[in-house]
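Scroll down for the structure; my scribbles are underneath it.
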């Protein structure tokens, strides 16, 4: 899966939880889930579970720790996909 | 330091907190035992969530690096006054459970803590917009400053501070918003 495909899939996952439409329209690698998209922290748990389901991967507690922005999420997902 | 968190029960999803995978991300084994004994697991789950969030926000004021590790913030119990531990950090958290929401706030050995919880008519504004007016009113009264000279600035870790012009006021603040409810907490240092 290339970078663009990954971002596109992440866009679909986070969409139900975003509270800033403008930031969502401009979503890119540097987008922060909390600061930019204004996603509340309980929904970060939803996003983690949705990522697990969408990519068929399992995330450990330490993987989640930095899951606060698109770049970190992409890095973690890519490394999990490579492990498989 | 101060941290707070509010959970609007009407926005918190019942289905999710029954889902074991969701619970496993948030609660450790001890907390899951507490949840199993609870007469209202839904409220207990979100109470512990609010306690952890409040403690996290206080912790980040001391160690300004963001992270997401809810399970590692350990609630000792589910009373109105409980301690939450994270590594060597420990803080007392007071929780209020109402019909419609749970509100948690860390206590402080410093000076008086001021808190205001607001019920909103519509959940359309950002947190800053909702709380700016009452918070600035309170701070302007405390220091005899003009409301228009005040602003909230967040640091890299997302910790908010009240500034008067270029000068940070000697206050720790914490802001929270969920659904129909928002609250701020202030402590002077």
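Once the mean of 1/r is taken over each pair of separate Cα atoms and inverted, chain A shows a Kirkwood hydrodynamic radius of 12.7 Å. Computed from Cα positions, the angle between helix A:3-14 and the longest principal axis of chain A comes to roughly 60 degrees.
Shielding of peptide A:38-47 by partners, expressed as the average count of other chain Cβ atoms within 10 Å per residue Cβ, is 6.
Radius of gyration over Kirkwood radius for chain B, both on Cα atoms: the Rg/Rh ratio is 0.98.
Remark: mean inter-chain Cβ contacts per residue of B:81-94 equal 0, using a 10 Å Cβ-Cβ cutoff to other protein chain atoms. Between the Cα long axis of helix B:41-62 and the first principal axis of chain B there is an angle of about 40°, rounded to the nearest 10.
So what's the angle, to the nearest 10 degrees on a 0 to 90 scale, between helix B:127-143 and the longest Cα principal axis of chain B? Tilt of helix B:127-143: around 50 degrees.
At full extension, residue B:39 and residue B:96 could sit 18.8 nm farther apart than now, given 0.36 nm per residue minus the alpha carbon distance. One way to sum up the overall shape of the stretch B:1-104 is the equivalent ellipsoid from its Cα gyration tensor, whose semi-axes run 21, 15, 13 Å, largest first. One Cα centroid belongs to the stretch B:142-161, the other to the stretch B:38-71; the line between them spans 24 Å.
Read-outs: derived from the displayed coordinates by stated rules, not from any lab. These numbers were taken from a predicted model, which means no experiment stands behind them. Note: ideal-geometry Cβ built from the backbone for every residue, glycine included; neighbour counts use all protein chains shown.
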